[in-house]
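This report refers to the structure that appears directly beneath it.
The values are calculated or read from the model by the stated rules, or taken from the named source; none is laboratory data. Please read these numbers as outputs of a predicted model, since none were measured by experiment. Ideal geometry is used to build each Cβ from the backbone, glycine not excepted, and the neighbour counts take in all protein chains shown.
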Amino acid sequence: MRRALRSGLSAAALLLAACASFSTGLTCVCQLCEKTNFTCKTEGACWTSVMLTNGRQEVIKACVSLPQLKAQIFCHSSKNIARTECCYTDFCNNVTIHLLPGQDTSDQAKLGPVELTVMITVPVCVLSVALMLTVYTCQSHHCRFRKKRRPNIEEPLSECNLVNPGKKLKDLIFDMTTSGSGSGLPLLVQRTIARTIVLQEIVGKGRFGEVWRGKWCGEDVAVKIFSSRDERSWFREAEIYQTIMLRHENILGFIAADNKDNGTWTQLWLVSEYYEQGSLFDYLNSNTVTADGMIKLTFSIASGLAHLHMEIVGTQGKPAISHRDLKSKNILVKKNETCAIADLGLAVKHDSVLNTIDIPQNPRVGTKRYMAPEILDDTMNMNIFESFKRADIYSLGLVYWEISRRCSVGGIVEEYQLPYYDVVPSDPSIEDMRKVVCEQKLRPNIPNQWQSCEALRVMGRIMRECWYTNGAARLTALRIKKTISQLCIREDSKA
Ligand code: ADP
Ligand code: MG
């Protein structure tokens, strides 16, 4: 399975590069282009690469499209595990390249004892002399250079110099997505980026392993690391994030997926934009918000969800997607105090032509505390895609309740609490939730003082209309977005 996914990933990457550029210009050798007699056409360059995989040098040949060429990631990279070359005449990549001496760390490249001793002792001696000289110079010059910028251990690796100087990840993604398929960076670029990230610290833990802050070319990125036993989840989440036209300012900015096999185990990475404020849950625990702040947060979540739920028709269209695990821990807060919906690992896509949902359904996924009544009592109609969206809206109402409680009205603000904190235990079972939500028909309390503030009054009304037992009666994300946008911010700040 792992092997199949891995080869699928590289095959898809090459086909993407090859097919995207199959127009006029150069003709190159392309290993995976069976249908076109193992050739591809491009206005960019012919490409050949050798990569060390499980101790073996694996050669790949394909086309590089013009935008990929402009990004300067593909050509002439030579790092420890890979080397790539581009050329510009017909079939010029019909050659075999090898890793440069010193790059190949495979078994074949093992050295004899004499060479090994020389290889180890010479650099050690040189380093020691250099160190002694440095110490001497430092003492005699009162360490003047200490005041200068120290070499930064987080400094980007050499590949960073290959990317256009001054280009930020955002620009790179924008260039590539607007010129390519609209679904993200080509997979080979993703791999190159992922393999030059330096992990810094753990910033979160969830269902699947850990989320780290990492550095890529001096920029912060988030790396979600899955264990190999969660390979399906990694694959699924990467697949969803790469849905055509999914990119939106209120949906986590996906950058790359990579599966690194070190011979013993596979490391599965999802790289995304990093938001230093962390999850909405963390944010609300340590911050209160003004009415303006609440409107900004809630509006941005509604915008992200409306985009996710919306189907865009056309060749560059996007299917409707339901999140299925909406909660404050799966929403991130950006620097500008707006939100991005994250953790799309459980999301499902709707195929409106066939009226089918893209994966086999297990209705009871997600977080029990946030499950809609129809999921808890198992009455949800799984054949209608709308049902999934309606269940998301119920969860959205709970997230809005968490935010609104932290909105300060006339100096009064409530402490942060999870929804249903007062009626279920800390790790509630489905049965605990069902009794409260379906049998007793309880919903989180909407405090009286919310009536004294226009923004909170509207939020309270929205919540009630998200929590109806009958899913069809609930508001849509688009409707909620419109209602919040109409809130008069000036009036709220007076309250
Ligand atoms: P899981 O699927 O394991 O639940 P999530 O994607 O929900 O993983 O991430 C778990 C936690 O990691 C989040 O609640 C958040 O605190 C943190 N986190 C995730 N992605 C980012 C990010 N891009 N920037 C900052 N923190 C993040
Ligand atoms: Mg999560």
Answer yes or no: is there a residue in the range 272-282 that is under 17 Å from residue 334 (Cβ atoms), out of contact with any Leu (no Cβ under 8 Å at 6 or more places or on another chain), part of a helix (DSSP H, G or I) and not aromatic (Phe, Trp, Tyr).
-> yes
Per the list (1) within 12 Å of ligand 1 (Cβ to nearest atom); (2) buried (at least 23 other Cβ atoms within 10 Å of the Cβ); (3) in a helix (DSSP H, G or I), residue check on residue 255 breaks on (3)
Flagged pairs (Cβ under 6 angstrom, 6 or more apart or on separate chains; first in the range 307-336, farther than 16 Å from residue 247 by Cβ and of a type in the set (Gly, Ala, Ser); second part of a helix (DSSP H, G or I) and within 14 Å of ligand 2 (Cβ to nearest atom)) are 328/280; 328/281; 328/399
Residue pairs within 7 Å by beta carbon, gap of at least six or interchain, first lying in the range 474-488 and farther than 15 Å from residue 400 by Cβ, second part of a helix (DSSP H, G or I) and not hydrophobic (A, V, I, L, M, F, W, C), listed first then second, are 488/454
Residues of the range 322-361 being under 16 Å from residue 237 (Cβ atoms), more than 16 Å from ligand 2 (Cβ to nearest atom) and out of contact with any Asp or Glu (no Cβ under 9 Å at 6 or more places or on another chain), in sequence order, are 359
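Restricted to the range 184-214, and to residues that are assigned to a loop (DSSP other than H, G, I, E, B) and charged (D, E, K, R), which residue is farthest from ligand 2 (Cβ to nearest atom)?
So in the range 184-214, the residues assigned to a loop (DSSP other than H, G, I, E, B) come out as 184-186, 195-197, 206-209.
This time we only want the ones that are charged (D, E, K, R), so: 195, 207.
Values: 195: 25, 207: 6 Å.
Looking at residues that are assigned to a loop (DSSP other than H, G, I, E, B) and charged (D, E, K, R), I get 195.
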Apart from one, (1) over 16 Å from residue 293 (Cβ atoms); (2) in a helix (DSSP H, G or I); (3) not aromatic (Phe, Trp, Tyr) all hold for residue 475; the odd one out is (2)
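Name the single residue that is farthest from ligand 1 (Cβ to nearest atom) among those in the range 314-349 being part of a loop (DSSP other than H, G, I, E, B) and charged (D, E, K, R). Full working, then the answer.
Of the range 314-349, the ones part of a loop (DSSP other than H, G, I, E, B) are 314-317, 319-320, 323-327, 334-338, 342-347.
Among the residues that remain, those that are also charged (D, E, K, R) are: 324-325, 327, 334-335, 337, 343.
Working: 324: 12, 325: 8, 327: 9, 334: 9, 335: 11, 337: 15, 343: 4 Å.
The selected residue is 337.
Against the definition (more than 16 Å from ligand 1 (Cβ to nearest atom), of a type in the set (Ser, Thr, Tyr), within 30 Å of residue 271 (Cα to Cα) and out of contact with any Ser or Thr (no Cβ under 6 Å at 6 or more places or on another chain)), how does residue 356 come out, yes or no? Outline the logic, then answer.
Numbers: more than 16 Å from ligand 1 (Cβ to nearest atom): yes; of a type in the set (Ser, Thr, Tyr): yes; within 30 Å of residue 271 (Cα to Cα): yes; out of contact with any Ser or Thr (no Cβ under 6 Å at 6 or more places or on another chain): yes.
Taking the combined requirement at face value, the residue satisfies it.
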For the range 350-377, the count of residues that are at pLDDT 90 or above and outside any strand (DSSP E or B) equals 12
Please verify whether the range 397-418 includes one or more residues that are modelled with pLDDT of 95 or more and under 13 Å from residue 322 (Cβ atoms).
-> no
Exactly one of 178, 192 is loosely packed, with under 15 Cβ neighbours inside 10 Å, modelled with pLDDT under 90 and among the β-branched types (Val, Ile, Thr), and that one is 178
For residue 268, the lone unmet condition from (1) under 16 Å from the mean Cα position of the chain (by Cα); (2) part of a strand (DSSP E or B); (3) surrounded by fewer than 20 Cβ atoms within 10 Å (Cβ to Cβ) is (3)
